[in-house]
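Quick note: the coordinates plus some simple rules give every number you see, no bench work behind them. Because the structure is predicted, anything quoted here is derived from the model rather than measured. Backbone-built Cβ (ideal geometry, glycine too); neighbour counts: all protein chains shown.
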Amino acid sequence: MSDLKGFRDTERVKNLIEKIENIYPGGELKFMEVCGTHTMAIAKFGLRRLMPAGLMLLSGPGCPVCVTPAAVIDAAIKISSEPNTVIVTFGDMMSVPGTDTNFEHMRAGGADVRVLYSVYDMLEMAAGEPNNNFVFISVGFETTTPGIALSILETRKRGLKNVYFIVANRLVVPALDALMRSGEVHIDGFLCPGHVSVIIGWEAYRPIAERYNVPCVVAGFEPVDILLAIHDIIARVVDGTGGVGNSYSRVVTGAGNPEAQRIMNEVFQIVEAEWRAIGVIPESGLELRDEYADLDAFKRFGIELLQVPDPPGCRCGDVMTGLIFPPQCKLFGKRCTPESPVGPCMVSSEGSCAAYYKYGEMNERG
Ligand code: SF4
C-alpha cells in the first residue's frame, strides 16, 4: 500500500473494524493513545464510536505544549520584557496560559515574540540582528529534539553569541513508566506514538511491556494504521503474549535512528522534570550539557523556576493520565473553549480537550 490514500480506504477500515469486533473478548478494556496526534486522528476519523462496546481509548500525556509547565511559560514571558530580546516559539505556544498572561497578550503589549516554523530561521535572524538576543522555547518529545540539538551545534559552529534556549523537552518512555507505576489508572495496552518511535525505535517500549505485562504497539496516524495497532493490542491481550508490536513498519524500526539519538545525547543530558498538571517524573526531561550551558536562557537571564498552581477547576492532569475524558471536566465547553482556554489541553492542536471539542465528542463512545 504505497499510496497514502490506501490508509483511509473505507473498505479496509470496515474490514478491520469487523476483525476487531470478532476478536474482542468482551468486558472492559482500556487502551491509552499516548500521543496527542493520535488523539486528534481518533477524534477526526470518528474511530472511538466504531470500537466494540467496552473498549475505551484514553488520552495520554503526549501533547508537548500541554505538559510544558506554566512556570516555564511565566519565565519566558518574564524574559520577553527584557530590552532587545526576541522570544521565538512555535504557533501552538502563543495562547497557552501562563499564570497571568500569555505570549499573544505580551506581543499585543509590544514584546517582540516571533512565531517560526524552523529554529534555523531564528539562527538567520540572530546573525542579521546582532544587537538583539534571541531566545528559543524548545518543547516537544524525541521527534523534534534531535533537530533542536542540531541547531544548538549549529549555533556553536556559527559562533552566534546572541542565541539562547529554554529547554523544556520531555521523554515519552519515562512518562509511561510513571503512569503504570502510579497504578492510578488501569491500562490494558498502549498505542505508542509513530513519530517519536521513528527516533527511539519500537524496542524502546520493551521494558514497559515486560515490567508491567502491558502490550505496547506503535501506530501511524491514518485510520488503517490506528486500527491495525488496536487489533494487534487486542490480540496480545487475548492470547496473553503482551510484548511490543509495530504497525508502522514503513517508517519505524526496532533501533530507531541511532544518529539522531547520538546528537541528542551529545547536546543534552537526562534529568528529572516537571510535567504540567501531572507532576515531577524521574529521568523524563533534558537539560543542556555543561559544554553548552552558556546557551541556557534561564542561566543567561538569571531566572529561577517557581512552582505555579494549576488554574482552578482545570483537570488537564486527570485528562492526560486517562482518569477522565475531557467532557467530564466541569469547565469543558463552558468556561473553557479554544477561544477562551483555561488549561493547555484546550489550546494545543494536539490537546485532548481541543480534540474532543473540535469534533464534538462527548464521552468514551465519541
Ligand atoms: S476542559 Fe479546559 S479546564 Fe477542563 S481540563 Fe480541559 S483544558 Fe483544563
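Cβ crowding within 10 Å ranks 186, 38 as 186, 38, fewest other Cβ atoms first. Sorting the segments 138-144, 255-261, 121-127 by their mean number of nearby beta carbons within 10 angstrom, highest to lowest, gives 138-144, 121-127, 255-261.
In a reduced charge model with +1 at each Lys and Arg Cβ and -1 at each Asp and Glu Cβ, the chain shows a dipole moment near 580 debye about its Cα centre. Helix 223-239 and the longest principal axis of the Cα set of the chain meet at an angle near 60°. Can you list the lysines whose alpha carbon sits under 16 Å from that of residue 334, skipping same-chain ones fewer than 8 residues off? Correct list for residue 334: 358. Legend: ranking of residues 101, 155, 39 from fewest to most surrounding C-beta atoms inside 10 Å; resulting order 101, 155, 39.
Calculate how steeply helix 172-182 sits against the longest principal axis of the alpha-carbon atoms of the chain, using the helix alpha-carbon long axis, and give the answer as 0 to 90 degrees to the nearest 10. With both axes taken from Cα atoms, the answer is about 60 degrees.
Only Cα sites of region 316-358 enter the Debye sum here, all with the same form factor; the resulting log10 I(q)/I(0) across q = 0.25 1/Å is -0.76, listed in q order.
Cross-link partners for residue 299 among the lysines, with Cα-Cα distance under 16 Å and sequence neighbours closer than 8 places in the same chain left out: 78, 161.
For region 146-202 versus region 254-281, the spacing of their alpha-carbon centroids is 5 Å. The distance from the alpha carbon centre of region 54-69 to that of region 36-53 is 13 Å, rounded to a whole number.
Under a 5 Å amide H cut-off, with hydrogens placed 1.01 Å from N, residue 58 pairs with 31, 32, 33 among residues at least 5 apart or on other chains.
Secondary-structure-derived ellipticity at 222 nm for the chain, considering helices only, amounts to -10500 deg cm²/dmol, per-run term -39500 (n - 2.57) for DSSP H runs with n ≥ 4.
Counting neighbouring beta carbons within 10 Å and listing from fewest to most, the residues 120, 164, 292 come out as 120, 292, 164. Counting only lysines at least 8 places from residue 14 when in the same chain, those with an alpha carbon closer than 17 Å to its own are 5, 44. P(r) tail for region 227-366, what percent of Cα pairs lie past 28 Å? Across region 227-366, Cα pairs with separations above 28 Å total 46 percent. For the chain, take the longest principal axis of its alpha carbons; what is the angle in degrees between that and the long axis of helix 145-158, to the nearest 10 within 0 to 90? With rounding to tens, the tilt is 20 degrees. If you bin all the Cα-Cα distances of the chain at 20 Å, starting from zero, the percentages per bin are 30, 56, 14, 0. Computed from backbone phi, the HN-Hα couplings of region 60-68 come to x, x, x, 10, x, 5, 5, 8, 6 Hz, rounded to whole numbers (Karplus: 6.51 cos²θ - 1.76 cosθ + 1.60, θ = phi - 60°; Gly and Pro given as x).
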